[in-house]
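The values are calculated or read from the model by the stated rules, or taken from the named source; none is laboratory data. Note that the structure is a prediction, hence the values are computed from the model and not measured. Cβ coordinates were reconstructed from backbone atoms using ideal geometry, including for glycine residues, and neighbour counts include every protein chain displayed. These area figures cover heavy atoms from the full protein model, side chains too; ligands, DNA and RNA do not enter into them. Shrake-Rupley method; radii C 1.70, N 1.55, O 1.52, S 1.80 Å.
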Amino acid sequence: MIGDDFTFANVRKVACAIARYVVRAEKPNAGVLVGYDTREASEESARAAAEVCSMAGLPVWIAEKPCPSPALSLLVRQRGAGGGIMITASHNPPKWNGVKFKASYGSSALPSIVAQVEKELATVLANGVPPLPPQRDQIQILDILSPYLETIDKLVDWERIRAAKFRFVVDPMHGAARGLLRELMARHGIACDEIRGTRDPLFGGVNPEPIEPHVEALRRAVLAGKYDAGLCADGDGDRIGAMDRDGTFITPHQIFSILLWHLAGTRGISGDVAKTFSSTKMLDKIAEKFGRKIFETPIGFKYICELMLERDILLGGEESGGIGTKLYLPERDATVMALLLVEVMAWHKKTLGELVAQLHAEFGEHHYGRVDLELKPGQKERAIEHFSGAKVTSVLEWDVARREDLDGIKLYLGETGWLLLRASGTEPMLRVYSETRSAAGTRKILEHACAIVRGL
């Protein structure tokens with residue numbers, strides 16, 4: 001939390017650990033890039049991190065203005081840097097902030113790299129940050145956004161998009177992706193407006209996460225302006241959300257499915273699929289139709305990234321809207337996924353709602369829901385233990401066919417769907433997920449499971 005455990009002193013300690021890692025395991029002469037989002041204290045924390053890295057003798061480039069996490073990742077890879085430091089708390093509430101490390105390949109640090117940085121951090125915590133003066137001549141300002149826009153501009157068929165004559169409204173939620181989609185659309189003569197595009201460290205009083213209920217402003221804008229679709233990004237621009245023209249929220253699962261169906265089917269691009277444990281089973285059916293393997297990982301994009309580096313993965317993603325493609329980077333990126341979604345609409349001349357309906361008609365209906373529960377100490381653990389136990393043989397009228405514990409505990413309810421309970425890795429809460437054949441069935445299972453958890 002900002003002012004509690006997120007302090008300039010702690011940022012300096014983490015930056016020192018990252019600098020030590022880069023010196024020992026990467027190319028220190030290639031230096032480090034530092035970026036930051038629009039949160040309170042982000043820019044000042046980025047400067048503190050840059051100064052600490054310069055103390056270690058590393059060349060440092062710091063972003064001239066707030067930038068999305070994937071933009072920093074791209075520049076780290078394009079410049080062959082030793083790594084990148086991103087000051088952000090991503091989609092989390094305004095009171096939080098944090099430090100991400102982007103590795104030289106341009107994405108989340110793999111678990112093996114995280115372990116090395118943590119080892120260096122233990123040394124820093126024991127001995128303190130060396131009392132050396134910053135080498136400010138080692139720090140330069142860098143335009144991260146221009147080369148980022150130049151790169152992603154080449155990923156889609158702009159002529160086809162322009163011919164479709166769709167109108168869009170984008171919602172960066174006051175975060176680091178503000179202005180980017182609107183700029184790209186304007187370059188190619190696509191009608192596109194933007195809401196919540198000013199810098200606001202409080203994100204307009206909502207969590208900068210592109211899911212309901214935080215996207216109500218986008219729904220109102222879509223309906224009022226009679227736009228064909230609304231496109232949304234989280235606080236650091238790596239998670240996508242979308243809204244159909246009738247105000248229906250298009251879930252990240254549906255976005256992932258639409259993109260896979262298009263890239264693997266319509267465009268016939270090679271590669272398999274990587275998804276996290278809480279993602280929709282529709283992906284399995286689409287992958288099977290097009291002869292692609294499905295790899296399932298624990299929740300966290302670092303696991304998706306690891307597979308994308310090791311295998312030919314066309315599309316990898318998670319239920320929170322973080323999706324990446326081999327066409328670009330082994331990294332989630334809301335702006336790139338929004339561009340691809342716009343291309344799908346233009347290619348098939350269908351709205352997002354029509355695309356979802358087409359997938360449901362072909363692969364069966366899949367309705368997903370999630371509830372986040374803030375609980376008393378010990379309740380999370382008791383909930384996982386309860387649903388893991390053999391005594392739970394059914395959920396309401398649905399029998400438990402089998403269980404999986406890859407990340408949390410997942411109960412498969414025959415042909416109906418599934419229920420998953422998992423302790424959040426970033427927030428003090430239990431996440432309860434479900435997917436069934438109907439929206440009413442999903443709500444019913446979630447309400448039942450949450451009532452049991454609250455009573456434990």
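Taken together, the criteria place Glu288 among residues that are free of Cβ contacts under 8 Å to residues at least 24 places away in the same chain and either β-branched (Val, Ile, Thr) or assigned to a helix (DSSP H, G or I) (or both).
Gly175 satisfies every condition listed in (1) in a loop (DSSP other than H, G, I, E, B); (2) small (Gly, Ala, Ser); (3) closer than 18 Å to Leu352 by Cβ except (3).
Per-residue answers, yes or no, for (1) under 21 Å from the mean Cα position of the chain (by Cα); (2) of a type in the set (A, V, I, L, M, F, W, C); (3) crowded, with 16+ Cβ neighbours inside 10 Å:
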| site | (1), (2), (3) |
| --- | --- |
| Arg47 | no, no, yes |
| Gly80 | no, no, no |
| Gly83 | yes, no, yes |
| Gly98 | yes, no, yes |
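Would you confirm, using the coordinates I've provided, whether Ala15 is open to solvent by less than 30 Å² (accessible area, probe 1.4 Å) and farther than 16 Å from Leu72 by Cβ? It is false that Ala15 is open to solvent by less than 30 Å² (accessible area, probe 1.4 Å) and farther than 16 Å from Leu72 by Cβ. Based on this model, can you work out whether Arg160 counts as in a loop (DSSP other than H, G, I, E, B), in contact (Cβ under 8 Å) with a residue 40 or more places away in the chain, open to solvent by 60 Å² or more (accessible area, probe 1.4 Å) and not aliphatic (A, V, I, L, M)? Answer is no for this residue. Residue pairs whose Cβ atoms lie under 7 Å apart, separated by 6 or more positions or on different chains, with the first residue in the stretch 211-223 and on the phi < 0 side of the Ramachandran plot and in contact (Cβ under 8 Å) with a residue 60 or more places away in the chain and the second of a type in the set (A, V, I, L, M, F, W, C) and open to solvent by less than 20 Å² (accessible area, probe 1.4 Å), do not occur.
Considering only residues in the stretch 395-423 that are open to solvent by less than 50 Å² (accessible area, probe 1.4 Å) and part of a loop (DSSP other than H, G, I, E, B), the one that is modelled with the lowest pLDDT turns out to be Thr416.
In the stretch 359-376, the residue that is farthest from Lys410 (Cα to Cα) out of those that are of a type in the set (A, V, I, L, M, F, W, C) and surrounded by 15 or more Cβ atoms within 10 Å (Cβ to Cβ) is Leu359. For the stretch 345-394, a residue qualifies if it is in a helix (DSSP H, G or I), closer than 13 Å to Gln254 by Cβ and among the β-branched types (Val, Ile, Thr), and exactly one does: Val356. On the basis of being under 17 Å from Gly324 (Cβ atoms), in contact with a Lys or Arg (Cβ under 7 Å, 6 or more places away or on another chain) and open to solvent by less than 30 Å² (accessible area, probe 1.4 Å), does Asp238 make the cut? It is true that Asp238 is under 17 Å from Gly324 (Cβ atoms), in contact with a Lys or Arg (Cβ under 7 Å, 6 or more places away or on another chain) and open to solvent by less than 30 Å² (accessible area, probe 1.4 Å). Among the residues making up the stretch 105-135, those that are among the small types (Gly, Ala, Ser) and surrounded by fewer than 20 Cβ atoms within 10 Å (Cβ to Cβ) are Ser112, Ala115, Ala122, Ala126, Gly128. Could you tell me which residue of the stretch 230-259 is modelled with the lowest pLDDT, considering only residues that are within 14 Å of the chain's Cα centre (by Cα) and assigned to a loop (DSSP other than H, G, I, E, B)? Looking at the filtered set, the residue picked out is Thr251. For the stretch 377-385, state whether one or more residues are under 29 Å from Ala163 (Cβ atoms), open to solvent by less than 10 Å² (accessible area, probe 1.4 Å) and in contact (Cβ under 8 Å) with a residue 24 or more places away in the chain. Taking every residue of the stretch 377-385 in turn, none turns out to be under 29 Å from Ala163 (Cβ atoms), open to solvent by less than 10 Å² (accessible area, probe 1.4 Å) and in contact (Cβ under 8 Å) with a residue 24 or more places away in the chain. Looking only at residues of the stretch 345-394 that are over 23 Å from Glu288 (Cβ atoms) and of a type in the set (S, T, N, Q), we find that the one that is modelled with the lowest pLDDT is Gln379.
Scanning the stretch 101-137 for residues that are touching a strand residue (DSSP E or B) at 6+ places or on another chain (Cβ under 8 Å) and under 16 Å from Arg12 (Cβ atoms) gives Phe101, Val117. Thr442 passes every criterion in (1) more than 30 Å from Phe6 (Cα to Cα); (2) out of contact with any strand residue (DSSP E or B) (no Cβ under 9 Å at 6 or more places or on another chain); (3) in contact (Cβ under 8 Å) with a residue 40 or more places away in the chain apart from (2).
Determine the pairs where a residue that is in contact (Cβ under 8 Å) with a residue 12 or more places away in the chain, located within the stretch 349-373, has a partner that is small (Gly, Ala, Ser) and surrounded by fewer than 16 Cβ atoms within 10 Å (Cβ to Cβ) with Cβ atoms under 6 Å apart, the partner being 6 or more residues away or on another chain. From residues that are in contact (Cβ under 8 Å) with a residue 12 or more places away in the chain, the pairs are His367/Ser438; His367/Ala439. Consider the stretch 394-439 and keep the residues that are in contact with a Lys or Arg (Cβ under 9 Å, 6 or more places away or on another chain), touching a residue at least 40 places away in the same chain (Cβ under 8 Å) and aromatic (Phe, Trp, Tyr). The one that is farthest from Trp96 (Cα to Cα) is Trp418.
Restricting attention to the stretch 166-182, the residues being open to solvent by 40 Å² or more (accessible area, probe 1.4 Å) and under 16 Å from Lys65 (Cα atoms) number 1.
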